[in-house]
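Please treat every number below as a calculation from the coordinates, not as lab data. Keep in mind the model is a prediction, meaning the values are calculated, not measured. Heads up, the Cβs are rebuilt from the backbone with ideal geometry, glycines too, and the neighbour counts pull from every protein chain shown.
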Amino acid sequence: MLWWERVTGKMETRQKILLLDDDQDLLDTYGEILGQLASQPEVHKCNAGARALAMLESEPFHLLICDLKMPKMDGLQVLSAVRRQHPHLRTVVLTSLVDEQFRSRVYALGVDLFWQKPGTEQEIKQFLECIESLLGREGSGGFRGVQSKSLVDIIQLECISHSSSVLRITNGLYTGKIWINEGELIDAETEGAEAEAAFHKILSWKAGNFETLPADRDRPRRILQSYNALLLETAQAQDEALQENAAWAASTNPNLSPQLAPLARYDGVEFIVAAQNSGRDKFESHGIEAAEKVADWTRKSLARFRPFADHLQAGPLELIEAINHDRRIAIAEQGDNEFCVGWRRSVTAENLGPRMKKLLALWAS
């Protein structure tokens, strides 16, 4: 290969970061910080949300780093548009706002990393490590900040290094916390579970957003087993569940994927259609004959209603419900998939939303 071919190939694979902030001084400062990355990505700077969206349309970027508080179009509006128009783009919020409400809204938009603007050398180093990790695992699963690692890997690293921290993990609309003190698991919590039960539930999540919070050394210990014993129990439980779902699918619908099988078995589900938003012919279903028409209707319905959420500045569209005396139907999206779920009449209007929330969390697991 000639020298210019080697140089050209290297330039074509060089990754691009778009840095968005309305403060020019901060743009210059963090542009210099990102210049310290070992992978040496191209850093493009922009000071307006509308301009950033135009740049994302005009050329491919690997990562968007976005401020929240900006005039005209704020960061939440930009991220909402990016999630819809560029679902595979890695996104990072770099902000001075530390309000929990903003943090929750940001993670609900599917952002990979929420980071308070670093001030110390240690904070800058940690920030750069997270950015490098995001660039290194483009388009893959895993957890925010350590994209090449599973949650099991993350916990093992914390325990082996005898760290003290609180791991906060989000999976769709669910949030869980795991407390670690000096390398020992001491507690866990998530919706409807605590201690060992919560730990097993959180460990079933295959992807999501992950962040390390300061240690809570006053947290009472409610987990008495070692982390190795808990991880072994979790792995065994997951294997048993996978085998059970595979056996059920083989006996009822051999074409059903292992990931959709537990959703089709969920209590109250009459039928389900899961359609990939990347193509009309990419879908799977259970319990319904006209699945292709339902998949097409689901895509069109979500496309029609999304502009309402943008117009109201209410965040991303989460759920559409249709209810009559004969059937309950709900449509929603999770990642790259759009779902239409038919529920039995025994499912009340009040329970429909919470059940869909649990169903989508099950898919993410």
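Summary of values
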{"quantity": "Taking Arg299, Arg90 and counting other C-beta atoms within 10 Å, the order from fewest to most", "calculated": "Arg299, Arg90"}
{"quantity": "Other-chain or far-sequence residues with amide H under 5 Å of Arg328's (modelled H)", "calculated": "Trp343"}
{"quantity": "Vicinal HN-Hα couplings computed from phi for segment 194-203 (Karplus, 6.51 cos²θ - 1.76 cosθ + 1.60; Hz; Gly/Pro x)", "calculated": "8, 6, 4, 4, 5, 4, 4, 5, 5, 5"}
{"quantity": "Per-residue Cβ neighbour rank within 10 angstrom, fewest leading, Met55, Met356, Met70", "calculated": "Met55, Met70, Met356"}
{"quantity": "Lys, Arg +1 and Asp, Glu -1 on Cβ, resulting dipole of segment 3-136 about Cα centre, debye, nearest 20", "calculated": "440 debye"}
{"quantity": "Residues with amide H under 5 Å from that of Glu191, placed H, sequence gap 5 or more", "calculated": "Thr175"}
{"quantity": "Exceeding the 21 Å Cα-Cα cut-off - candidates Lys16/Lys69; Lys45/Lys117; Lys16/Lys300; Lys72/Lys300; Lys282/Lys357", "calculated": "Lys16/Lys69; Lys16/Lys300; Lys72/Lys300; Lys282/Lys357"}
{"quantity": "Virtual spin-label span in nm between Ser204 and Ser58, 7 Å along Cα→Cβ", "calculated": "4.8 nm"}
{"quantity": "Neighbour-count ranking [beta-carbon atoms within 10 angstrom, fewest first] of Arg344, Arg355", "calculated": "Arg344, Arg355"}
{"quantity": "Whole-Hz ³J(HN,Hα) from phi, Karplus 6.51 cos²θ - 1.76 cosθ + 1.60, for segment 15-22, glycine and proline x", "calculated": "7, 10, 10, 10, 9, 10, 7, 7"}
{"quantity": "Rh by Kirkwood over Cα pairs, then Stokes-Einstein D for segment 253-364 at 1.567 mPa s and 4 °C, µm²/s", "calculated": "91 µm²/s"}
{"quantity": "Calculated from backbone phi, Karplus (6.51, -1.76, 1.60) coupling profile of segment 187-193 in Hz, x at Gly/Pro", "calculated": "6, 7, 8, 7, 4, x, 7"}
